[in-house]
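Here the structure comes first, spelled out in structure tokens, and everything after it is commentary.
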Amino acid sequence: MSEILLIGFLVFVFIVIPIGIGLLLYFIPKRMGYPKVSKYLTVSYGVIVFLIILLVAFEDQLFSKIDAKELVEEQGIELVDEFELINNESMSSIGDYYHTFTLRISGTDKMKIINTIKKSDNFKKIGEPILDLYFDTENIYKGTKRTQNYETEDSFVREYMKPNGDGSAPTYRRIKIYKQKDELIFEDIDY
């Protein structure tokens, strides 16, 4: 039953309300004696709605190296040398969002990032217990931001989790640097 209500709510918000606003923008000025204004408002509104739909539909294609660099630097990892955006994917469904991208980085940046992770206060070597930041907490919706840095058999990892309050999914991000490749993988997961 709750799925039907959710689907009905989404239809109302994303279809009924935008169409209703368009009709109001057309009929109110027209009834007030301004038919040209009503046409201009309706066409302008239609173009804006169309552009928003295009931006959402082509979000992955519009993702740039600048966007990738900003997301990586939010985790305290600096990219100095030139890098290549190899792969970018995002998926979403009702209540879930997953975004990942892969960067080919220079050997110098790779070593700097590995040293940054290794020098972190909470760095854990292979075999030391690692927490599941997303699920290993009493309340993932309130509390403080947490980070975790560790080494696995094939990579160095920095994880970040920040609660966003009741009713909002926490921000969970992971950066992985492979030992054998000059690649950085970024994941943003919201359940």
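Here the extension length gained between residue 93 and residue 28 equals 19.8 nm, from 0.36 nm per residue of separation less the Cα-Cα distance. Helix hunt in the chain: which complete DSSP H runs extend at least 30 Å axially by C-alpha with mean Kyte-Doolittle at least 0.5? Going by DSSP H runs, the hits are 35-57. Legend: residue pairs 65/179; 65/145; 119/162; 69/145; 142/179; 39/65, Cα-Cα distance threshold 29 Å; pairs beyond threshold, 142/179; 39/65. If you sort the three axes of the alpha carbon gyration tensor as a ≥ b ≥ c, you get a/c of 1.5 or more for the range 59-190 and a/b no higher than b/c, which makes it oblate. Pull out a ≥ b ≥ c, the square roots of the eigenvalues of the alpha-carbon gyration tensor of the range 1-92, then state rounded if a/c is under 1.5, prolate if not and a/b is larger than b/c, and oblate in the remaining case. Because a/c hits 1.5 or more and a/b fails to exceed b/c, the range 1-92 counts as oblate. Placing +1 on the Cβ of each Lys and Arg and -1 on the Cβ of each Asp and Glu in the chain, which of 29, 5, 165 has its Cα farthest towards the positive end of the resulting dipole? Checked the options; the winner is 29. Pull out a ≥ b ≥ c, the square roots of the eigenvalues of the alpha-carbon gyration tensor of the range 1-54, then state rounded if a/c is under 1.5, prolate if not and a/b is larger than b/c, and oblate in the remaining case. Oblate, since a/c reaches 1.5 and b/c is not below a/b.
Every number here is computed from the coordinates shown, using simple stated rules; none is lab data. Note that the coordinates shown come from a computational prediction; the quantities given were computed from them, not determined experimentally. Every residue, glycine as well, gets a Cβ built from its backbone with ideal geometry; the counts of neighbours run over all protein chains shown.
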